[in-house]
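S.K.: The structure that follows is given in the form of structure tokens.
The values are calculated or read from the model by the stated rules, or taken from the named source; none is laboratory data. Fair warning: this is a prediction, and the values are worked out from it, not measured in the lab. We place every Cβ from the backbone using ideal geometry, glycine too, and count neighbours over all the protein chains shown. Note: accessible area is taken over every heavy atom of the protein model, side chains too, but ligands, DNA and RNA are not part of it. Shrake-Rupley method; radii C 1.70, N 1.55, O 1.52, S 1.80 Å.
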Amino acid sequence: MSHSFTVNERPVEVDAPDMTPLLSVLRDRLGLTGAKPGCAEGRCGACTVLVDDRPVVSCLTPVALTEGRAVRTVEGLADPDGPLNPLQDALLEHGGVQCGACTPGILMALTALFEQDAGPDEAAVKESLAGNICRCTGYHKIVEAALAVAGNGGRS
Ligand code: FES
Ligand code: FES
């Protein structure tokens, strides 16, 4: 079955069974390895991408559900040769990245939040990250980074 959608604004057409996880399509077919395979059960958030601007766990999202939709991955947040975006910069600056396994999913969850509200408070930041497990940072530095960006109206 052929599925057409966009990934980071680029139209793609993928021939795959309807129930193929979007995560596999992104990583194995499209070479976009930013979204990480963690639990594969929808519990860790490492595979989070945006579909029509909403965060989804791509390990549990069948490719058929993306038909005609806009998928965004961490690769789409900054140009390959360009500067990092404000959230990426802030995470690095505040030590919110250690092993990095959770980072792409966290960036996508925060991106969705900041697109709704450029100045979220701590509760909103924490709520947006409720589905993302980080085993390294204890979240404090991640939240601190997000609030630093929020304090600048979404800019770093
Ligand atoms: S790999 Fe998808 S939520 Fe863990
Ligand atoms: S930085 Fe290691 S899991 Fe979050």
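S.K.: Conditions: (1) away from ligand 1 (no atom under 16 Å from the Cβ); (2) small (G, A, S); (3) farther than 25 Å from P11 by Cα; (4) surrounded by 15 or more Cβ atoms within 10 Å (Cβ to Cβ). G38 meets all but one. Number of the miss?
M.R.: Tallying (1) away from ligand 1 (no atom under 16 Å from the Cβ); (2) small (G, A, S); (3) farther than 25 Å from P11 by Cα; (4) surrounded by 15 or more Cβ atoms within 10 Å (Cβ to Cβ), G38 fails exactly one: (1).
S.K.: Identify the single condition in (1) within 16 Å of ligand 2 (Cβ to nearest atom); (2) assigned to a loop (DSSP other than H, G, I, E, B); (3) under 30 Å from M1 (Cα atoms) that T137 does not satisfy, given that it satisfies every other one.
M.R.: (3)
S.K.: Would you confirm whether or not the range 21-39 contains a residue that is closer than 19 Å to L110 by Cβ, modelled with pLDDT of 95 or more and among the acidic types (D, E)?
M.R.: no
S.K.: Moving on to the next point. Go through the range 1-28 residue by residue and tally those that are more than 18 Å from G68 (Cβ to Cβ), part of a helix (DSSP H, G or I) and either open to solvent by less than 70 Å² (accessible area, probe 1.4 Å) or more than 16 Å from ligand 1 (Cβ to nearest atom) (or both).
M.R.: Result for the range 1-28: 3.
S.K.: Counting only residues that are within 16 Å of ligand 1 (Cβ to nearest atom) and small (G, A, S), which one in the range 116-143 is farthest from G45 (Cα to Cα)?
M.R.: Among those that are within 16 Å of ligand 1 (Cβ to nearest atom) and small (G, A, S), it is S128.
S.K.: Would you be able to say whether some residue in the range 83-91 is farther than 15 Å from N8 by Cβ, out of contact with any strand residue (DSSP E or B) (no Cβ under 6 Å at 6 or more places or on another chain), in a loop (DSSP other than H, G, I, E, B) and open to solvent by 30 Å² or more (accessible area, probe 1.4 Å)?
M.R.: Yes, because at least one residue in the range 83-91 is farther than 15 Å from N8 by Cβ, out of contact with any strand residue (DSSP E or B) (no Cβ under 6 Å at 6 or more places or on another chain), in a loop (DSSP other than H, G, I, E, B) and open to solvent by 30 Å² or more (accessible area, probe 1.4 Å).
S.K.: Just to be sure, is V125 open to solvent by less than 10 Å² (accessible area, probe 1.4 Å), among the β-branched types (V, I, T) and out of contact with any Cys (no Cβ under 7 Å at 6 or more places or on another chain)?
M.R.: Considered against the rule, which asks whether it is open to solvent by less than 10 Å² (accessible area, probe 1.4 Å), among the β-branched types (V, I, T) and out of contact with any Cys (no Cβ under 7 Å at 6 or more places or on another chain), V125 comes out as yes.
S.K.: Using the structure shown, decide if A101 is small (G, A, S), closer than 30 Å to D28 by Cα, assigned to a helix (DSSP H, G or I) and within 16 Å of the chain's Cα centre (by Cα).
M.R.: The answer is no for A101.
S.K.: Could you look through the range 62-73, keep only residues that are of a type outside the set (A, V, I, L, M) and crowded, with 23+ Cβ neighbours inside 10 Å, and pick out the one that is nearest to the chain's Cα centre (by Cα)?
M.R.: So, considering only residues that are of a type outside the set (A, V, I, L, M) and crowded, with 23+ Cβ neighbours inside 10 Å, the one nearest to the chain's Cα centre (by Cα) is T73.
S.K.: Quick check on A146: is it within 16 Å of ligand 1 (Cβ to nearest atom), at pLDDT 95 or above, of a type in the set (A, V, I, L, M, F, W, C) and touching a Leu at 6+ places or on another chain (Cβ under 7 Å)?
M.R.: For A146, the condition - within 16 Å of ligand 1 (Cβ to nearest atom), at pLDDT 95 or above, of a type in the set (A, V, I, L, M, F, W, C) and touching a Leu at 6+ places or on another chain (Cβ under 7 Å) - is not met.
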